[in-house]
Structures are given as structure tokens and as C-alpha cells.
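Here is the structure we will look at.
The values are calculated or read from the model by the stated rules, or taken from the named source; none is laboratory data. Quick caveat, the model's predicted, so the values are computed rather than measured. A quick note on method: Cβ atoms are made from the backbone with ideal geometry, for glycine too, and the neighbour counts reach across all protein chains shown. Calculation scope for accessible area: heavy atoms of the full protein, side chains included, ligands and nucleic acids excluded. Shrake-Rupley method; radii C 1.70, N 1.55, O 1.52, S 1.80 Å.
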Amino acid sequence: MGKKQFGFLVAGQSLANIGDVFYIVSMITLVYTITGTAVYTAMFPALRCLAQFTSGILAPLLLDRFRLRSIIIASQLGQTILLLGLTLYSTQIDSHSPLYGLYGFIILMALLDGWTTPARNAMIPLLVEKDQLLRANGLLSTVDQSVQMAGWAMGGVLVAWLGGTTVLWLTFAMFSLSVLSLFFIRLPESERSREKNKPGLGDSLKEGWSYIWAIKPIRILTTMDFLEGIAGGVWMAAILLVYVNEVLHQGEQWWGFINASYFLGTIAGGVIVIALANQLNSRLLVTVIGGTLCTGLLTLCFIHVSVPVWALVISALFGPVYQLQAIAKQTIYQRVVPTNLLPKVLSAQAALAYITFGVSAIGLSYVSDHFGIRATYDIAAALIFTGAALGWFCRKAIRTITQVES
């Protein structure tokens, strides 16, 4: 497949991603304006995460019965229709209106959104040659991070200037263009006729999980993802704000500065992957293990440095380090996992990531409250180091199936 097909995928997902950021900012503002309470506002990300986890669990039922292109188009189109309904509904509610309808739209949109990323990442090996996977993943990741950074920077300004409902209309326009671009994608014939004998309901739901458990290298890499996911809770707003106040002794604006420097770093990381794709292609395993180890070291440096400027520097360094190992790991999955199982494996990993985030948010918040913010980051670093050690001691097993030189 040519660059044109991949370009349509990148364009469609970029429009959807920036629209998604605008949608999140608008909804948080809208719910807070209606209720005036943080509790009801916090229900928005909580319900969204739970719905996305549910859709990740149920995704294999669709993957066995529909083509990837059909799934991603249906997901985006469904979200666009729901967004139109949500926008119209938002014009009719006020501070006395119940939130059940609003939360209903949020849950339905999140259920559909949970299918998009696994389907997208499973489509990439069908659109580019195997030796171009790393470069393609790097490009898509760079665009994702750039869009995220621009979206968060612009979203708050647009909502303050135009109002939440107007920004929802803008989001609807972006989602509509995203759907239109996806219709131009054409997948190879092998994907169109991939499942002649569909597995039963139970087999379908557990097939991706069974593959992860049965194939040792995939199980090891997924365990590393799990450990990093648990550690990743230290970057959520509630904990990072404590770090800013208690370690840096700065105001809340430094939370924004740290996030901005991290996003700049991730964009730089994607650019590095694209530039060094040929060299990294034969060193994916080293990149994964080395990147994980460096992430742990940077986490320790971050919590034990109390100079604000250095915190920004370390935050910026996190970006390329994390990007390098995450993109390398995804490329290994795309190379190793059979095409017909890849969407199910990615869906299982996405579901695991959502539930891991929930567990991490609760567990690390408890540690922060009872043992202090430094202990929280030290535990996170220990989890990351454990993942790096697991990858190092099991490198021979991973190399056996990935055929990656280290």
C-alpha cells in the first residue's frame, strides 16, 4: 500500500484527536458550569474511562465479524452523530437540569471511542511495508502529540472566547471531516476476507488475552506495559499538583509548564524515531529496555530535584525517552503478532491500560496522602526498574520471536 492510504489515516485521526480534546475541554467546562461542583465534573473522566475499558473487553466480538476499516468508520461516524445530539442537547439544559442525559451521551461516545485506537494501530501494518513500520509509528505518534499539545493550548482559549456549545459545534465539524477522510482508505484483499470460520462468543472474547498469555515474549512486554501503567499514575493532575506545591513550592501554573515541556519532548521523540528509523529497526529490543531504564532514572531525578527549571528539563527529557521505547514496543507487536490476532491483542492491552490507570490513580493517591509525595514517585520508579529488569533477564526469549538484534 502507498503513502496516500496511510496519509488518509493520519489526516482522519488527527482531526478526530484535536476534536476529542476540544470535546473534553467543552464537556468539563459545561458540567462544571451546570453543577458548580468538582465531584460531578470528575464523573466525566471516570465514566469515560470505565466505558472505554468496557469497549476494549467487547471489541473482539466486532473484530471477528467486521473489517477494520468498517469498525473505525462506524466508530467515528457513531461518535459524530452522538456529538450532534449532545451539542443540540447542551443548548437546552441549565443549572436545574439533571445530568443523566449528558452522562448518557458521554458513556455512549466513550464506548465507540474505545474501538478506534486498537483498530487504527492494527491497520498500520496493512498500509505500510514491514520495514517502514517504525517510521510510520513515529510519524503517527508525532502528529498525535502535536495535535494534543495544540488542542489543549487552544481548547481552553476557544471555550473561554466562544463558549462550550460553540466549541462543540466546531468539534462536530472536525469529526465529520475525519469520517470523510476514512472513506478514502483502501485495505488489501486479505483483510477483506479474513475470517471465514468465526469463533464462538467465549473464544472470541478471550482470544487476544489467550495469545498474550501463551506467547512468552508478548507476555513479558505486556507485563512491562502493566508495570509502567501502574507507575504512570504519578503523572495525573492530582499527584502532579502535590509535587508542584510540596517539592517545587510553586503555583498551579507550573503544572501547565511541566505538561507543556513533556509534550514538546514527546514531539521531539517522534522526530528522532523518524530520523533514526533505519538504525533503530535492528535495535528495537535495546530501545525498549534502555528506554524503560532511563524512564525509571528520570522519575527518580524528577522527585529528588526541587529546582523548578530542572524539573522542566527532566520533564522534557521524559518525552523522547518514553516515545522511543513505546514506539519500539508497538512496532514489535505489529511485526510479531499475526495479522488476524493483532486487533484483539491490541484491544486486550488497551482494556488493561484503562483498568491499570484506575488502579494506579487510587493506589498512588493513597500512598501520596499517607506516606508523602516522594514515596509515591520512588515506588513508581521501582515499578519501572522492575519492568526494565524483567525485559533484560528475558531478552533472549523476546529476541527468539522478534528476531531483533540487540
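Quick grid of which residues meet (1) touching a residue at least 12 places away in the same chain (Cβ under 8 Å); (2) assigned to a helix (DSSP H, G or I); (3) open to solvent by 50 Å² or more (accessible area, probe 1.4 Å):
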| position | (1), (2), (3) |
| --- | --- |
| Met43 | yes, yes, yes |
| Phe53 | yes, yes, yes |
| Gly56 | yes, yes, no |
| Ala59 | yes, yes, no |
| Phe66 | no, no, yes |
| Ser70 | no, yes, no |
| Ile73 | yes, yes, no |
| Gln76 | yes, yes, no |
| Thr80 | yes, yes, no |
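Residues that are closer than 22 Å to Arg399 by Cα and at pLDDT below 85: does segment 349-361 have at least one? For segment 349-361, residues closer than 22 Å to Arg399 by Cα and at pLDDT below 85: absent.
Count of segment 152-163 residues, restricted to those that are farther than 15 Å from Asp20 by Cβ and at pLDDT 80 or above, is 3. Residues of segment 6-36 that are farther than 16 Å from Phe105 by Cβ, open to solvent by 50 Å² or more (accessible area, probe 1.4 Å) and among the β-branched types (Val, Ile, Thr): Thr33 alone. In segment 117-137, the residues that are among the β-branched types (Val, Ile, Thr) form no Cβ pair under 6 Å with any partner that is assigned to a loop (DSSP other than H, G, I, E, B), whether six or more places apart or across chains.
Annotation for segment 78-90: at least one member residue is under 17 Å from Ser55 (Cα atoms), modelled with pLDDT of 90 or more, in contact with a Ser or Thr (Cβ under 9 Å, 6 or more places away or on another chain) and not hydrophobic (A, V, I, L, M, F, W, C). Of all residues in segment 83-93, which are closer than 15 Å to Ser26 by Cα and either of a type in the set (A, V, I, L, M) or part of a loop (DSSP other than H, G, I, E, B) (or both)? If the condition is that a residue be closer than 15 Å to Ser26 by Cα and either of a type in the set (A, V, I, L, M) or part of a loop (DSSP other than H, G, I, E, B) (or both), then Leu83, Leu84, Leu86, Leu88, Thr91, Ile93 are the ones that fit.
Evaluation of Gly291 against the conditions (1) open to solvent by less than 40 Å² (accessible area, probe 1.4 Å); (2) of a type outside the set (Phe, Trp, Tyr); (3) in contact (Cβ under 8 Å) with a residue 60 or more places away in the chain shows that the sole unmet condition is (3). Looking only at residues in segment 253-280 that are surrounded by fewer than 20 Cβ atoms within 10 Å (Cβ to Cβ) and among the polar types (S, T, N, Q), which one is farthest from Ala389 (Cα to Cα)? Restricting to residues being surrounded by fewer than 20 Cβ atoms within 10 Å (Cβ to Cβ) and among the polar types (S, T, N, Q), the top hit is Gln253.
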